[in-house]
Amino acid sequence: MTSNTNTTTTTAAQHYPTLQQTLDEIVATGFVGLHVRVDDEQGEWVGSAGHSVLGESAPPPINGRVRIGSNTKTFVATVVLRLVAEGKIALGTPAVDYLPRFALDPRITVRMLLQHTSGIFNFTGEFYEDGTTAPGVVAWGGKDWVDNRFDTHRADELVRLALAKPARFEPGTDWSYANTNYALAKLVIEAVTGHSLAQEMGRLILGPLGLTDTVVPETSTEIGGPHAHAYYRYDDAGVEKTVDVTSQNPSWISSGGDMISTSKDLHTFLAALLSGKLLPAPLLAEMLTPEAKVGYGLGVFVQQTRAGTVITHNGGHGGHAALMYSTLDGTKTMTAALNYIDDADLSMSATFQAATQRLLGEVFGAVTA
């Protein structure tokens, strides 16, 4: 793959002299394109490599919009915590108290939803530690997903289908990542405010921070604004096909991963969050207190590295992905957007993990301990 590059020159550039080369090498491992932003006390560094559209020469637009996948969870968790600060939600309250229409285990609290310790089945499918899997209640993967990617799914529907499946464990006794938790968090927000998640996101985060390129799309299929394209490869009666899936109805993932943003907006959000501009200190401390199994706080991973603590959440699906990394105090962030060819086997996952670890080492001088 021939890499096409686009890099800014700022006062921070001298601190990352090999980062553009790293981007070029990462793209050569199999991504269509990539753009990265680093913001620290020296300024900013922004660069891109690869291609915005398959078969065309232009690089991904610097600060182009991208479907951010599970980075959405950090935004949703922050809205919940803002509502805790307003006295409208209590983290220790059973979720069923806010959502009596569901047959939720009364031991499941709002905190458990945000921390993935509820035990509720993941509506996009389960991957068990013994290597077995359980299909999700939404058709993710293969021709079914391609053919039905413009369908609308209501959060209530996704939750009810997930609750009909056996729980993974007793509430609060283990950790397991489940998009269902965040569909429920969205519904709690809407129940206590009488407003949509999009309205509350605008009131509490997007408006105050001026995040004009960050969107809660609900059922809207288009990304809008400059953006690189996302692709999906699947088998159709023995014939391998690759299609552009940039346009899709993201309600199938709901608030587990439906939002759209840019690397610049992600930096602004993460820096504001960790510097204490969005949450009172006690609630920020709760957010950053990790559970024991994998180090997940409330909507963020708290990673211990050889160079110190890094706060992060990454996300991706359907050929788009976004990265968010920051020092504990928000003074140094790395945010990124990737576009690639996805498939039902998630065959890019190992390459994706290797790329994120390399960027983490390049920018923070750290690898996961």
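The values are calculated or read from the model by the stated rules, or taken from the named source; none is laboratory data. Just so it is clear, the model here is predicted, and its values are computed rather than measured. We place every Cβ from the backbone using ideal geometry, glycine too, and count neighbours over all the protein chains shown. Just the protein is used for accessible areas: all its heavy atoms, side chains included, with ligands, DNA and RNA removed. Shrake-Rupley method; radii C 1.70, N 1.55, O 1.52, S 1.80 Å.
Computed quantities for the displayed model
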| quantity | calculated |
| --- | --- |
| Dipole axis of the chain (+1 Lys, Arg; -1 Asp, Glu on Cβ), positive-most option in Thr29, Ala164, Val96 | Val96 |
| Over the stretch 11-75, volume per residue of the alpha carbon convex hull, in Å³ | 111 |
| C-alpha center-to-center spacing [the stretch 49-91, the stretch 259-296] in angstrom | 12 |
| Size of electric dipole in the chain: Cβ of Lys, Arg +1 and of Asp, Glu -1, about Cα centre, debye, nearest 20 | 720 |
| Qualifying chymotrypsin sites (Phe, Trp or Tyr not before Pro) for the stretch 68-147 [loop in DSSP, other Cβ within 10 Å: at most 11] | Tyr128 |
| Computed E for Ala285/His195 - FRET, C-beta separation, R0 41 angstrom, nearest 0.05 | 0.90 |
| Distant-in-sequence amide H partners of Gly125 (H built 1.01 Å from N, under 5 Å) | Gly136, Val137 |
| Surrounding net charge for Thr152, when Lys and Arg each add one and Asp and Glu each subtract one, Cβ distance under 13 Å | -3 |
| The stretch 137-173 residues near the modelled Ala237 label - backbone nitrogen below 16 Å, point 7 Å along Cα→Cβ | 143-144, 147 |
| 1.4 Å probe accessible area per residue over the chain, in Å² | 38 |
| Choice from Thr214, Thr133, Thr78 with maximal GNM fluctuation in the chain (Cα, 10 Å cutoff) | Thr133 |
| For Trp175, residues with placed amide H under 5 Å, excluding near neighbours | none |
| Theoretical ellipticity at 222 nm over the chain - DSSP helices of four or more residues, -39500 (n - 2.57) apiece, nearest 500 | -8000 deg cm²/dmol |
| 21 Å Cα-Cα threshold exceeded, pairs from Lys293/Lys332; Lys143/Lys186; Lys73/Lys186; Lys88/Lys332 | Lys293/Lys332; Lys143/Lys186; Lys88/Lys332 |
| Cut-off under 5 Å, modelled amide H: who pairs with Ala230 long-range | Val245, Thr246 |
| Accessible surface of the chain, 1.4 Å probe, proportion on carbon and sulfur as whole % | 51 |
| Interatomic Cα distance distribution for the stretch 241-369, bins of 10 angstrom, percent | 11, 39, 36, 12, 1, 0 |
| For semi-axes √(5λ) of the Cα gyration tensor in Å, calculated from these coordinates, the label among (1) 31, 25, 19; (2) 33, 25, 24; (3) 41, 25, 17 | (1) |
